[in-house]
Amino acid sequence: MSALSAPVSWARENLFSNWKNTLATLAIAYLLWKLALPFLDWALVHAVWWSPDAKACRAAKGTGACWALVADKHRFMLFGTYPYDAQWRPALASLIFVALYVVSAIRACWRRWLALVWLGGLVAIGVLMWGGVFGLRYVENERWGGLALTLLLATFGIAFAFPLSILLALARRSTMPVIRWLAIGYIELIRGVPLISLLFMASVMLPLFLPEGVTIDKLLRAQIAMILFAAAYLAEVVRGGLQAIPRGQYEAAQALGLPFWKMMGLIILPQALRISIPPLVNTFIGFFKDTSLVLIIGLFDLLTTVKVSLTEPKWSGFGIEAYLFASAVYFIFCFAMSRYSQALEKSLGAAQSRTTAGKGAA
């Protein structure tokens, strides 16, 4: 009875607390019943899971989903034009990325050695993707694509943009006019133009300003543009967190004789970043999805490989299934970031409450 009473009391409190909530709950349940059952029937019951020539899919079109498209094209969707016999390398690189995310999400692992773990993991990913050593054949990054490229752009973009954003936020609040106005100019300029414009500039205009004989890889140019773009948006989020810190915190740190960087690193920034967790993660999620814009400069990310898969004549007309697959992959990563941020925010808030209560008792 106790195991059943908790869900019942929750439903009574949140779904049926008054007649308005009860009416809304029943209406939503009716809509879900009318929409969810036909979708499950289309997506699972009458779906075609394998058809080498797509004839079964065309026979069932309108009544069942054609997941045979994903089964036939999943390698291209996930790894792009990477050599077929070597696609275990981007698959392993993607697993290393996910493992690094999981380890970094564990608060007990927030130690200095975590930076060494990331360094080792990124070196392993670079060796796997490029090759040229340990008997692995070299694969130029023009052939990288799919999920591995999306994870690479998002990870390096956030990893380099975040510390840069902290410096920009501090510079924008600086008392030195030159540094403050340079930071303001950079942030407002980058935030005032779309990411597509920056990618075009990095792909087309940047090579024109380089010395003769000096070239920068297209993937690196796109990565730099995305780092600069994300840093400007993250800087405003961090600045909002800094402004939320009471002035007394600054004065207390100065009274202890702490220099500027110690005051920021030990007292101000930890509080500001904890306050900024929701908008920071919101920006991270948006940035992860914005990696799909690299299509315009010829890079094949996950969404682009899904789109190109539909150009094969036998699979034309099954775009819903292909884009549902891409949506599911994006949803898994974005939902994981969202749920983790909520858990982290709650955990840090509980820790702060215990600290405050301990100080009050003392």
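Principal axis extents for segment 1-45, Cα atoms only, whole Å, descending order, please.
37, 27, 10
Go ahead and run the numbers for FRET between A71 and E251, Cβ-Cβ distance against an R0 of 51 Å, rounding to 0.05.
0.20
Once Lys and Arg get +1 and Asp and Glu get -1 on their Cβ, which of N141, I275, L40 lies farthest toward the positive end of the dipole of the chain?
Ranked along the dipole, the leading option is I275.
Would you mind calculating the gained length between Y84 and I184 on full extension (0.36 nm times residue separation, minus the Cα-Cα distance), in nm to one decimal?
31.2 nm
Once segment 163-297 is represented by equal point scatterers at the alpha-carbon sites, with solvent omitted, what log10 I(q)/I(0) does the Debye formula produce at q = 0.19, 0.20 Å⁻¹?
-1.09, -1.15
On each of the three principal axes of the Cα atoms of segment 112-181, give max minus min coordinate, whole Å, ordered largest first.
55, 30, 19
Only helices at least 15 Å long along their own axis, judged from Cα atoms, and with Kyte-Doolittle mean hydropathy of 0.0 or greater: name those in the chain from DSSP H.
Length and hydropathy pass: 19-40, 68-79, 88-105, 113-130, 146-172, 177-191, 218-243, 277-290, 319-361.
Post the alpha-carbon centroid distance, segment 62-89 to segment 252-312, in whole angstrom.
For segment 62-89 versus segment 252-312, the Cα centre distance is 30 Å.
Counting just the Cα atoms, what span does segment 44-94 cover along each of its three principal axes? Round to the nearest Å and put the largest first.
Computed over segment 44-94, the largest-to-smallest principal extents equal 38, 20, 12 Å.
No partner Cβ under 4.7 angstrom, meaning no disulfide-compatible partner by this rule: which Cys of the chain qualify?
Flagged as lacking a Cys partner: C109, C334.
Among the trypsin sites (Lys or Arg not before Pro) within segment 121-212, which fall in a DSSP loop and have no more than 16 other Cβ atoms within 10 Å of their own Cβ?
R137, R173
If I compute semi-axes √(5λ) of the Cα gyration tensor in Å from the structure I just sent, which labelled value in [x] 72, 34, 17; [y] 43, 39, 20; [z] 40, 34, 20 lines up?
It is the value labelled [z].
Once you put a point 7 Å from the Cα of S17 and another 7 Å from the Cα of L40, both along the Cβ direction, what distance in nm separates them?
Once both label points are built, they end up 2.9 nm from each other.
Calculate the length of the line joining the C-alpha centroid of segment 144-189 to that of segment 91-140, in whole Å.
23 Å
Neighbour counts of other C-beta atoms within 10 Å: give me W88, W130 arranged from fewest to most.
With the sparsest Cβ surroundings first, the list reads W88, W130.
What full-extension length gain, to one decimal in nm, is calculated for R339 and V8 as 0.36 nm per residue of separation minus the Cα-Cα distance?
My answer for the length gained is 116.7 nm.
For each of C109, C57, count neighbouring Cβ atoms within 10 Å of the residue's Cβ, then give the residues from fewest to most.
C109, C57
Rule-based calculations on the coordinates, nothing more; no lab input. All of these numbers come straight from a predicted model, not from anything done at the bench. Backbone-built Cβ (ideal geometry, glycine too); neighbour counts: all protein chains shown.
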